[in-house]
Amino acid sequence: MLRVGLLTSGGDCQALNATMRGVVKGLTNNVKDIEIYGFEDGYKGLIYGNYRLLTSSDFSGILTRGGTIIGSSRQPFKLMRVPDANGLDKVEAMKQNYHKLRLDCLVILGGNGTQKTANLLHEEGLNIIHLPKTIDNDIYGTDLTFGFHSAVDIATNCIDCIHTTASSHGRVFIVEVMGHKVGWLTLRAGLASGADVILLPEIPYDTEKVCAAIDKRHNSGKKFTILAVAEGAIPKEWAKLEKKEMKKAMAKMLEKYPSISYKLAHDITEKTGYEVRVTVPGHVQRGGSPDAFDRYLSTKIGAYAAQCIIKQQYGIMVAAAGDEIKKVPLEDCAGKLKMVDPHDQTVELAKSIGISFGD
Ligand code: F6P
């Protein structure tokens, strides 16, 4: 009998269900006796022993369904070694529940933080496979994460919609794109939607340069300008600060504005007199059905994970390398962030067609 645990942790995204379906189909097609346990709401389910036995039919018809059928929650890695309010040792509790169910392995779908805990459990001796999920595409060691492609489509569509309004009203529009501390989503959606200015956390912006880019368009007869701004974008004054000081500057900004885009909008109006509107699509970017590419990618990642389980290859992340799927040892990727290189070819090509990065 093969016993496999599944959990989805951190912010949800498209294609979590599609990936689990791939894993389960890959197993049930090749292994006779198998039990699949789904832990509810991420690591919380593993810590507190909340799980349910799942059957093949649970994974039927979920290829196109967004969200996750087993629920998710954020359980910060830095608190994993800190006992809970009742003094429970979370790591020990997770190990006990794993052993109580006599699991052969645990498949964990999640982003960066989730991966760090997955590696911790691997170091504690559990058989772990991590599958890279996030709309942010910031997981080191994989070219792509599932969820990213679908989110690019949504963010692109949002900016497309703003385009028609911006051109009718002759306004400056900021669309704030998710991505946490990295700019992959903003870069891709910004380019795909024809944004005029793209601001990324990896390329701190100079407000004067942003205003100059808007002025340049205006002076050339264009009535409107669209800025795709990453939620983690930072002005260049902050980039010079120590981490602690930067956090303080950010906290101070957040006392006055809901996010960096609103501060930028204020600064642009102050310097240029242009009317600026901010749109924040927010969690819409994580919602709905996975697009065709994410279904394709996640099905392959899931199927590959099933093969790893059958071969008893653990302590790995299943990654995308071009159109291939491969495995990467968890210790080689856990705790690392994949960021946009400011000299990335995409950035250079975008600049060559006149897109400003505010630098
Ligand atoms: O990591 C995915 C993500 O959507 C980020 O882009 C964003 O910064 C964050 O999660 C939002 O988290 P929450 O859903 O907890 O508000």
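The values are calculated or read from the model by the stated rules, or taken from the named source; none is laboratory data. It should be emphasised that the depicted structure is a prediction, and the values quoted were computed from it without experimental measurement. Cβ coordinates were reconstructed from backbone atoms using ideal geometry, including for glycine residues, and neighbour counts include every protein chain displayed.
Got a sec? Which of I108, I162, I154, I135 is within 16 Å of the ligand (Cβ to nearest atom), farther than 20 Å from K181 by Cα and at pLDDT 95 or above?
Values: I162 fails: within 16 Å of the ligand (Cβ to nearest atom); I154 fails: farther than 20 Å from K181 by Cα; I135 fails: farther than 20 Å from K181 by Cα.
Within the list I108, I162, I154, I135, the selection yields I108.
Residue by residue, here is whether (1) within 14 Å of the ligand (Cβ to nearest atom); (2) part of a loop (DSSP other than H, G, I, E, B); (3) of a type outside the set (K, R); (4) modelled with pLDDT under 95 holds:
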{"residue": "L185", "(1), (2), (3), (4)": "yes, no, yes, no"}
{"residue": "V210", "(1), (2), (3), (4)": "no, no, yes, no"}
{"residue": "K252", "(1), (2), (3), (4)": "no, no, no, no"}
{"residue": "P258", "(1), (2), (3), (4)": "yes, yes, yes, no"}
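Could you go through the stretch 110-118 and let me know if any residue there is of a type in the set (S, T, Y) and either surrounded by 22 or more Cβ atoms within 10 Å (Cβ to Cβ) or touching a Phe, Trp or Tyr at 6+ places or on another chain (Cβ under 7 Å) (or both). Break it down stepwise before answering.
Taking the stretch 110-118 as the starting set, the residues that turn out to be of a type in the set (S, T, Y) are 114, 117.
From the residues that got through so far, the ones that are either surrounded by 22 or more Cβ atoms within 10 Å (Cβ to Cβ) or touching a Phe, Trp or Tyr at 6+ places or on another chain (Cβ under 7 Å) (or both) too are 114, 117.
Looking for residues that are of a type in the set (S, T, Y) and either surrounded by 22 or more Cβ atoms within 10 Å (Cβ to Cβ) or touching a Phe, Trp or Tyr at 6+ places or on another chain (Cβ under 7 Å) (or both), one finds at least one in the stretch 110-118, hence yes.
Give the stretch 263-297 a look and list any residue that's within 16 Å of the ligand (Cβ to nearest atom), in a helix (DSSP H, G or I) and not basic (K, R), or say none.
The answer is G282, H283, V284, Q285, D294.
Against the condition out of contact with any Pro (no Cβ under 9 Å at 6 or more places or on another chain), within 16 Å of the ligand (Cβ to nearest atom), of a type in the set (G, A, S) and touching a residue at least 40 places away in the same chain (Cβ under 8 Å), how does G179 come out, does it pass?
Numbers: out of contact with any Pro (no Cβ under 9 Å at 6 or more places or on another chain): no; within 16 Å of the ligand (Cβ to nearest atom): yes; of a type in the set (G, A, S): yes; touching a residue at least 40 places away in the same chain (Cβ under 8 Å): yes.
Taking the combined requirement at face value, the residue does not satisfy it.
Can you confirm whether the stretch 188-197 contains a residue that is part of a loop (DSSP other than H, G, I, E, B) and within 16 Å of the ligand (Cβ to nearest atom)?
Residues of the stretch 188-197 part of a loop (DSSP other than H, G, I, E, B): 194-196.
From what is left, the residues that are within 16 Å of the ligand (Cβ to nearest atom) are none.
No; the residues of the stretch 188-197 include none that is part of a loop (DSSP other than H, G, I, E, B) and within 16 Å of the ligand (Cβ to nearest atom).
Please find, within the stretch 37-56, the residue that is surrounded by the most Cβ atoms within 10 Å (Cβ to Cβ) out of those that are part of a strand (DSSP E or B) and touching an Asp or Glu at 6+ places or on another chain (Cβ under 8 Å).
First, pick out the residues of the stretch 37-56 that are part of a strand (DSSP E or B): 37-39, 51-54.
Now narrow it down to the ones that are touching an Asp or Glu at 6+ places or on another chain (Cβ under 8 Å): 38, 51-53.
Numbers: G38: 23, Y51: 19, R52: 12, L53: 11.
The qualifying residue surrounded by the most Cβ atoms within 10 Å (Cβ to Cβ) is G38.
Condition check ((1) in contact (Cβ under 8 Å) with a residue 60 or more places away in the chain; (2) surrounded by 17 or more Cβ atoms within 10 Å (Cβ to Cβ); (3) more than 18 Å from the chain's Cα centre (by Cα); (4) away from the ligand (no atom under 16 Å from the Cβ)) across all residues:
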| residue | (1), (2), (3), (4) |
| --- | --- |
| G11 | yes, yes, no, no |
| V24 | yes, yes, yes, yes |
| N30 | yes, no, yes, yes |
| D58 | no, yes, yes, yes |
